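Peer 1: Here it is, the structure, as structure tokens.
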Amino acid sequence: MRLKDKVAIVTGGGSGFGEGIARRFAAEGARVVVADIDLAAATRVADAIGKSAKAVRADVSRADDTKAMVAAATGGWGRLDILVNNAGVSHRNGPMLGVDEATFDRIFAVNVKSIYLAAQEAVPVFRRQGGGVILNTASTAGIRPRPGLVWYNASKGAAISLTKAMAIELAPEKIRVNCICPVAGDTPLLATFMGEDTPEKRAMFKASIPLGRLSTPEDIANASLYLCSDEASLITGVAFEVDGGRCI
């Protein structure tokens, strides 16, 4: 039980990578707040996990929702040990000038501002407790950007830079900050990344990954488990590629 007695929040926990992380953390002994803008999805995951999980509706781009999300952990279980900023959105693959301003604003609010808002609530808790772990879900798009996802790429590049800057500032307080950089997986965002979800598009995308397959929620959950566990106690500020070699 690598997370025994730990309390974790996983945003975007109602599907995809977030669901995989929430389930894996709970299986390793953590109590998990499954936060998602879709309460029905979060409830489905929390119910499947059982008594060690609770569902919370949270729009991570809103300060009041973020405050309530953290309070659900500290109020219900008395502490918070791990914060996983996993929720994310993208624009559909296409020309950069075809993305409207509202979509651009939403991408940066969910993918970047959310990290700021979550830090405002979680870091004071970690300081009182003498430490904690933050894990941000970035992307291979932030390391090896490609045409068609320009603004999404930029938001994930920001997430990587935020991770490194937060890590160095918070290290003296025993607060570790890392991020994972998944290659695309079979999640609700896949069609958005590819423009359209067809066998031909999938084959093209897989061909760009040296190990020849997309990522799975289990892949991301396993990497997240390691980075958030005490086994990684000397690791902070890394952008951990879970990508089958795509970034090489």
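Bear in mind that the values in this text are calculations on the coordinates, not laboratory data. Owing to the predicted nature of the structure, the values given are computational and were not obtained by experimental measurement. Virtual Cβ from ideal backbone geometry, glycine too; neighbours counted across all protein chains shown.
Peer 1: Residue by residue through the range 35-49, what is 3J(HN,Hα) from phi via Karplus (6.51 cos²θ - 1.76 cosθ + 1.60, θ = phi - 60°)? Round to whole Hz and write x for glycine and proline.
Peer 2: 9, 7, 5, 9, 5, 4, 5, 4, 5, 4, 5, 4, 5, 5, 6
Peer 1: Something else: In the range 7-242, what is the volume of the convex hull around the alpha carbon atoms, normalised per residue and reported in Å³?
Peer 2: Dividing the Cα hull volume of the range 7-242 by its residues yields 116 Å³.
Peer 1: Based only on other Cβ atoms within 10 Å, what is the fewest-to-most ordering of TYR226, TYR152?
Peer 2: The fewest-first ordering by Cβ neighbours comes to TYR226, TYR152.
Peer 1: To the nearest 20 debye, what is the magnitude of the charge dipole of the chain about its Cα centre, counting +1 on the Cβ of each Lys and Arg and -1 on the Cβ of each Asp and Glu?
Peer 2: Roughly 400 debye, rounded to the nearest 20.
Peer 1: Continuing with this model, one more query. How far is it, in nm, from the label point at ASN222 to the one at ARG128 when both lie 7 Å from their Cα along the line to the Cβ?
Peer 2: Placing both labels 7 Å along Cα→Cβ, they lie 3.8 nm apart.
Peer 1: Of ASP5, ASP243, how do they rank once you tally other Cβ atoms within 10 Å and put the fewest first?
Peer 2: Ascending number of Cβ neighbours within 10 Å: ASP5, ASP243.
Peer 1: Let me ask you something else. Out of all DSSP beta bridges in the chain, what portion is antiparallel? Express it as a percent rounded to 5.
Peer 2: Looking only at bridges with both residues in the chain, the antiparallel portion is about 0 percent.
Peer 1: Now, a different point. For every helix of n ≥ 4 consecutive DSSP H residues, a contribution of -39,500 (n - 2.57) applies; sum these over the chain, divide by its total residues, and give [θ] at 222 nm rounded to the nearest 500 deg cm²/dmol.
Peer 2: -13500 deg cm²/dmol, from helical runs alone.
Peer 1: Roughly speaking, what is the stretch gain from SER161 to ALA68, that is 0.36 nm per residue apart minus the C-alpha to C-alpha distance, in nm to one decimal?
Peer 2: 30.8 nm
Peer 1: Related question: For SER224, what is the net charge nearby, where nearby means another residue's Cβ is under 15 Å from its Cβ and Lys, Arg count +1, Asp, Glu -1?
Peer 2: Values: positive: ARG2, LYS6, ARG23, ARG24, ARG176; negative: GLU19, GLU28, ASP81, GLU218, ASP219, ASP230, GLU231, GLU241, ASP243.
Residues near SER224 contribute -4 overall.
Peer 1: Any chance you could run the full-extension gain for GLN120 through LEU97? It's 0.36 nm times the residue separation minus the Cα-Cα distance, nm to one decimal.
Peer 2: 5.0 nm
Peer 1: Residues of the range 142-165 with backbone nitrogen within less than 18 Å of a virtual label 7 Å along the Cα-to-Cβ line of GLU196, please, listed as ranges.
Peer 2: 148-149
Peer 1: Note the angle between two axes, namely the Cα long axis of helix 150-170 and the longest principal axis of the Cα atoms of the chain, as a number of degrees from 0 to 90, rounded to the nearest 10.
Peer 2: 30 degrees
Peer 1: Sorted from fewest to most neighbouring beta carbons within 10 Å, what does the list TRP77, TRP151 look like? If you can, show how the numbers build up before the last one.
Peer 2: Numbers: TRP77 19, TRP151 15.
By the 10 Å Cβ count, ascending: TRP151, TRP77.
Peer 1: Can you check what the net charge comes to around LEU117, using other residues whose Cβ is under 11 Å from the Cβ of LEU117 (Lys, Arg +1; Asp, Glu -1)?
Peer 2: Result for the local shell: -1.
Peer 1: Cβ under 12 Å from LEU190's Cβ, LEU190 left aside: what net charge do those residues give with Lys, Arg +1 and Asp, Glu -1?
Peer 2: In short, +1.
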